[in-house]
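Coordinate-derived values only; no laboratory data. If you're wondering where the values come from, they're calculated on a predicted model, not measured in any experiment.
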């Protein structure tokens, strides 16, 4: 890793460096999110932890720009960051035995 002598930088140079770092981190996060979105298919079973720490399971019904919409087994709909989702294993799918048909009205 490169060492940067921060003591030798002026305030304006530090602000510029900060802005470049934030931009780079934003870009890397965006890449991870895009990659995670592409790994998920509509109709795929996934699991995630909700705000209270409870494990929720459901089916991916939509891939949005930054999130994935999941229809949970309890009927609730969630918009979740794709990086927080885990694919549900085949064993758990078989055990639940639930198939949820989705049809497009038209």
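Data for the structure
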item	result
Relative contact order computed over region 10-100 (Cα-Cα under 8 Å; 6+ residues apart), in percent	22
Radius of gyration and Dmax over the Cα atoms of region 10-100, both given in Å	17.6, 63
